[in-house]
Amino acid sequence: MKKSLEILQQVYGYESFRGNQSKVIDHVVAGGDALVLMSTGEGKSLCYQIPSMARAGVGVVVCPLIALMQNQVLALKRRGVRAEYLHSGMTKAEEIAVEKLLARGKLDLIYVSPERLATDGFTLILDQLYEHDGISLFAIDEAHCISHWGHSFRPNYRRLSNLAKQYPDVPRIAVTATADDKTRQDIVEQLQLEQAKTFVSSFDRPNLAHAVVVRGDQNQQFLEFLREHEGQAGIVYCQLQQTVEEVARWLVSENIKAAPYHAGLADDVRTKNQQRFLNKRGIVMVATEAFGMGIDKSNVRFVALLGMPRSLEDYYQQVGRAGRDGEPAHAWMCFDSKDVIRYRRHINSSDDSRQQKKVKNAKLNAALAWVESTTCRRAGLLRYFGEAAEDCGTCDNCVEPPNLVKKRASQWQPPIENLRDMIDAQACDARREELCSWRVEMALSNRVPVFKILPETALNQIMDRKKLTMNDLENMPGIGQKKASLYGGDILRILNH
Ligand SMILES: [Zn+2]
């Protein structure tokens, strides 16, 4: 499977696959059908884009939204991939130009709407391509649309059920972020994916660093935390509407761009604040726990909880709104044992049945055990969700293993000592040293390991070259276009001065 990894590194500039990506990709490249359930921001589209490129022929992607097609095709073209789309908003001339490229086998990916796929003209082109093994796969994005249970059922999706018969040995992959059992069954039936392998993605969010502090001077602790996130978008969860108001006002008085959000606000104020959060940069939204449902803002850099949630499910859902773009993000909680006492009273004095009370207390106990644990937080969270995991190296307990006698209310810090050791260990010339220092600086400010900035192999290759251009960097394994555009300027400046 070297080829897929090479594509990932060269085209996308990522060092390695995340989560289920490589399993799905291996399976589809080998010709298998797949049903993939992955949450937003986990790199769903790579699961069909890379097999489209790794296999011979063009990948046909059925996508219900024009805007989504346009975004993806634009992003692929920027990476040098031969991708096009066909949708109803194009001129006839534009359509013909794309169809010609498609028919001549000049495309890696073609994005089409389900309506387009059902047309005779398009079917004719597909038939011809198929005769010469010219179709690498069919991908059905937003596959929940195929289900009557989905929110936006599209009758033309039903036509997709013919694909299995018409093009029997072309792999089909259905991808969706949301699918309950009923929707899942519908997808399998409609697309005849009975033989397909189902991939349900892990709960793991490797880019999320967790930290818990014991409440002391909360304002001071919180300000220290916020100092690491100056100018970044974040969400602060409070338990009471009144606290939301107070915290938002206090943040504004500290010159932080903050806005409140809770059910007690007038509709227009709430909408205005939400729009501000979505559209302006660096807004801190202070909210009760209901906020965030259906909000898709990928570059939320932190979620802070001013109080313990009632369960790890709640915790996971709330902090999961940070870092959906896959870039490093921070989950921070200020814990006070009074919260637990209050919840416990609340549960026990409620009208719930004995069984319900038992479940709620058990969930609360699990959350408390996690908060008080001295081992890796991410691994603990994953174990709770039934997954095995290794220590993350980024949570507070990993970075600074707590003294069992006295747990310091400290902030998360990257493992500076390890990074410093790495530089010292390298007997390198001045340029290399400068590049290494820069790499450490970038790693520290981005809260990622150094290899994520510039892997050792790429560093060695750079040092081996006499001359280097931006183009060289873009084509270098471990760098790729994305990293070249982010860091290429810095690297060339260091090498050339
Ligand atoms: Zn950890």
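Throughout, read-outs are computed from the coordinates displayed, never taken from laboratory work. Note that the coordinates shown come from a computational prediction; the quantities given were computed from them, not determined experimentally. Virtual Cβ from ideal backbone geometry, glycine too; neighbours counted across all protein chains shown.
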10 Å binning of all Cα-Cα separations within the chain, expressed as whole percents from 0 upward: 4, 16, 24, 25, 20, 10, 2, 0
Give the residues of region 8-37 whose amide nitrogen is closer than 16 Å to a point set 7 Å from the Cα of L68 in the direction of its Cβ. 35-37
Could you work out how far helix 181-190 tilts from the main Cα principal axis of the chain, as a 0 to 90 degree angle to the nearest 10? 10 degrees
Going highest first, how would you order 237-248, 108-119 by mean Cβ packing within 10 Å? 108-119, 237-248
The exposure ranking of H144, H346, fewest beta-carbon neighbours within 10 Å first, is H346, H144
Given the chain, what percent of its DSSP beta bridges are antiparallel, to the nearest 5? 0 percent
Would you mind classifying region 208-411 by shape? Square roots of the alpha carbon gyration tensor eigenvalues, ordered a ≥ b ≥ c; an a/c under 1.5 is rounded, otherwise it is prolate if a/b is larger than b/c and oblate if not. oblate
Please determine, in degrees from 0 to 90 and to the nearest 10, the orientation of helix 416-425 with respect to the longest principal axis defined by the Cα atoms of the chain, where the helix direction is its Cα long axis. 60 degrees
Using per-residue counts of other Cβ atoms within 10 Å, averaged over each peptide, order 124-131, 29-36, 82-89 from highest down. 29-36, 82-89, 124-131
Residue-averaged [θ]222 nm for the chain, counting only DSSP H segments that reach four residues, each worth -39500 (n - 2.57): -13500 deg cm²/dmol
For R79, R310, R354, what's the fewest-to-most ordering of other Cβ within 10 Å of each Cβ? R354, R79, R310
Cα axis of helix 354-372 to longest principal axis of the chain: angle in degrees, 0 to 90, nearest 10? 80 degrees
Between K257 and V359, the two model label points (7 Å from Cα along the beta-carbon direction) sit apart by a distance in nm of 4.2 nm
Taking Lys and Arg as +1 and Asp and Glu as -1, residues besides T375 with C-beta under 12 Å from its C-beta add up to -1
